[in-house]
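The values are calculated or read from the model by the stated rules, or taken from the named source; none is laboratory data. Bear in mind that the values here come from a model prediction, so they are computed numbers and not experimental data. As a convention, Cβ positions derive from the backbone with ideal geometry for all residues, glycine included, and neighbour counts pool all protein chains shown. The protein model used for the area step is the full one, side chains on, heavy atoms only, and it has no ligands, DNA or RNA in it. Shrake-Rupley method; radii C 1.70, N 1.55, O 1.52, S 1.80 Å.
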Amino acid sequence: MTKQLTGGCACGALRYKADGEIEFSFNCHCRKCQRSTGAGHSSAFAVDTAEVEFHGEVREYKCQSDNGASTYSGFCHTCGSPLTSRTERFPNRIYIHAATLDDPSLFTPSFTIFEEAAQPWDPPMKNLQTAPR
Ligand SMILES: [Zn+2]
Ligand SMILES: [Zn+2]
């Protein structure tokens, strides 16, 4: 996909645009994503950090992912919407929450991750591959 991606948080204080290709898209069912989104999973896509431009302050907190990697979750400090996530394992990559897109229909998940942590009320999509880890 080479189309420009634009989006932002719920209150509009934080906006982004990304010019590059989406590297991959996924649904993550890990406990960290469940807690930070308040839902059964997060849906996100990966882009090169150099290709995303933010307007407004992305505030981040550090925590451990389910596999022990340090991750940094970015949110809007006004409305608290979760927007981004980064891991020290892939410093050139940033994950953006799919539903923050102005046009969320541009998102198509291609795999699921941490489906063993999925809740019975939000099962992983059946037709998707499990990600290699
Ligand atoms: Zn906001
Ligand atoms: Zn997760």
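Of all the residues that make up the stretch 57-100, how many are touching a Cys at 6+ places or on another chain (Cβ under 7 Å) and within 13 Å of ligand 1 (Cβ to nearest atom)?
Here the count works out to 6.
Can you pull out the residues in the stretch 75-99 that are among the hydroxyl-bearing types (Ser, Thr, Tyr), farther than 20 Å from GLU51 by Cβ and either within 11 Å of the chain's Cα centre (by Cα) or open to solvent by 80 Å² or more (accessible area, probe 1.4 Å) (or both)?
Result: THR78, single match.
I want to confirm something. Restricting to the stretch 100-110 and keeping residues that are in contact with a Ser or Thr (Cβ under 7 Å, 6 or more places away or on another chain) and open to solvent by 40 Å² or more (accessible area, probe 1.4 Å), which single residue is farthest from GLY80 (Cα to Cα)?
SER110
Out of the residues in the stretch 56-72 that are touching a residue at least 40 places away in the same chain (Cβ under 8 Å) and within 15 Å of ligand 2 (Cβ to nearest atom), state the one that is surrounded by the fewest Cβ atoms within 10 Å (Cβ to Cβ).
For the stretch 56-72, the residue satisfying everything is ASN67.
Considering each of PHE107, PHE45, PHE114 in turn, give the residue that is away from ligand 1 (no atom under 16 Å from the Cβ), touching a residue at least 12 places away in the same chain (Cβ under 8 Å), among the aromatic types (Phe, Trp, Tyr) and farther than 18 Å from THR6 by Cβ.
That would be PHE114, the only listed residue that is away from ligand 1 (no atom under 16 Å from the Cβ), touching a residue at least 12 places away in the same chain (Cβ under 8 Å), among the aromatic types (Phe, Trp, Tyr) and farther than 18 Å from THR6 by Cβ.
Answer yes if at least one residue in the stretch 17-33 is basic (Lys, Arg), under 21 Å from PRO104 (Cβ atoms) and modelled with pLDDT under 95, and no otherwise.
no
So for the stretch 31-53 (the condition being small (Gly, Ala, Ser) and more than 14 Å from ligand 2 (Cβ to nearest atom)), does at least one residue qualify?
Within the stretch 31-53, one or more residues are small (Gly, Ala, Ser) and more than 14 Å from ligand 2 (Cβ to nearest atom).
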